[in-house]
Amino acid sequence: MLLVVAIMGIISGGILSQMNGAQQRGYSEQVKLDNFQEARDFVDQFFRDINQIAYPNSRLVDTASVSWSPALTTQTTYTWASPNLFDNRLAIGFVKIEANSVQFEGDMIGNGVVQSVIYKINGSGSCTLCLQRSEVDKVSADPLLGQATNWGTEVNDVITNPIFSYFKADGTAVPNSSLPLDISTSAGAQILASIKTIKINLTIRNNSVIDPKTSQPIETNLQGEVSINNCSMATTGKPESCQ
């Protein structure tokens, strides 16, 4: 009887061990799936936004012969850019690009209202590993310095650096060493008006969950690429300036 009990104990221990391992693997796979879904939803939102970037703008509408009411807001701060850059009814396109941040304008909702949008790591200043999104209606002011922020949707535990990579219309990459770039300089505006493609790379590491196979924290990776379809108001004479 003692021998039988001992054998049954060994068998039961093995079964319980296997069940525990299966539960751990199942939990880790569920965490991976949840992280992947979170990242995919965020990237899908990013792609939808990029498809609306720089619409509408002064290259696509008549700003000369049509009477606007109220009159278009004009600017002389950035002499290399469109004079209508500050008007809240027109979208410049890219405003600023960084390795882990991108700011742009466009009609994101499709209701004729231009929004200022920012994707940024730790945009709110309270989550160092969060990729966050801000969207506010544009006001008639400097696209770079005069717009408010409203941080919302986020992806947690992002460890990728860089997240964003930028490519010009001729296929050449914008070097990370040259970033950040924005509309405050003519050289920066020229590059912004040359960007045709953005690649996004998200790696999420959940340090609170260990993969039983690797004994390492759970990691999930998602990559994507999207092209720019609309014109830029940042400058003239560049591929995406439509002139």
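Starting from the stretch 169-180, take each residue that is outside any loop (DSSP other than H, G, I, E, B) and list its partners that are among the hydrophobic types (A, V, I, L, M, F, W, C), counting only C-beta distances under 6 angstrom and pairs at least six apart or across chains. Sorted first by the residue in the stretch 169-180, then by its partner, the pairs are Ala173/Phe167; Asn176/Ala99. The residue pairs whose first member lies in the stretch 115-133 and is surrounded by fewer than 19 Cβ atoms within 10 Å (Cβ to Cβ), whose second member is outside any strand (DSSP E or B) and among the charged types (D, E, K, R), and whose beta carbons are closer than 6 Å, counting only pairs six or more residues apart or on different chains, are Leu129/Asp157.
Yes/no per residue for (1) of a type in the set (Val, Ile, Thr); (2) crowded, with 19+ Cβ neighbours inside 10 Å; (3) out of contact with any Leu (no Cβ under 8 Å at 6 or more places or on another chain):
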{"position": "Glu38", "(1), (2), (3)": "no, yes, yes"}
{"position": "Gln45", "(1), (2), (3)": "no, no, yes"}
{"position": "Arg48", "(1), (2), (3)": "no, no, yes"}
{"position": "Gln52", "(1), (2), (3)": "no, yes, yes"}
{"position": "Tyr55", "(1), (2), (3)": "no, yes, yes"}
{"position": "Leu60", "(1), (2), (3)": "no, no, yes"}
{"position": "Ser65", "(1), (2), (3)": "no, no, yes"}
{"position": "Pro70", "(1), (2), (3)": "no, no, yes"}
{"position": "Thr74", "(1), (2), (3)": "yes, no, yes"}
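I'd like to know if the stretch 11-19 contains one or more residues that are modelled with pLDDT of 70 or more and of a type outside the set (Gly, Ala, Ser). Looking for residues that are modelled with pLDDT of 70 or more and of a type outside the set (Gly, Ala, Ser), one finds none in the stretch 11-19, hence no. If the condition is being under 12 Å from the mean Cα position of the chain (by Cα) and of a type in the set (Val, Ile, Thr), then the stretch 101-152 contributes Val102, Val117, Ile118, Ile121. Among the residues of this structure, Ile200 does not count as one that is buried (at least 20 other Cβ atoms within 10 Å of the Cβ), in a strand (DSSP E or B), in contact (Cβ under 8 Å) with a residue 12 or more places away in the chain and in contact with an Asp or Glu (Cβ under 7 Å, 6 or more places away or on another chain). Checked against (1) surrounded by 15 or more Cβ atoms within 10 Å (Cβ to Cβ); (2) out of contact with any helix residue (DSSP H, G or I) (no Cβ under 9 Å at 6 or more places or on another chain); (3) assigned to a loop (DSSP other than H, G, I, E, B), Ser215 passes all but a single condition, namely (1). Cβ-Cβ contacts under 7 Å between residues 6 or more apart (or on different chains), taken from a first residue in the stretch 140-164 that is farther than 17 Å from Glu105 by Cβ to a second residue that is surrounded by 13 or more Cβ atoms within 10 Å (Cβ to Cβ) and of a type in the set (Asp, Glu), are listed as Val155/Glu38.
The values are calculated or read from the model by the stated rules, or taken from the named source; none is laboratory data. Only a predicted model underlies this, so the values are computations on that prediction, with no experimental measurement involved. Quick reminder, even Gly has a Cβ in these numbers, built from the backbone with ideal geometry, and neighbours come from all protein chains shown.
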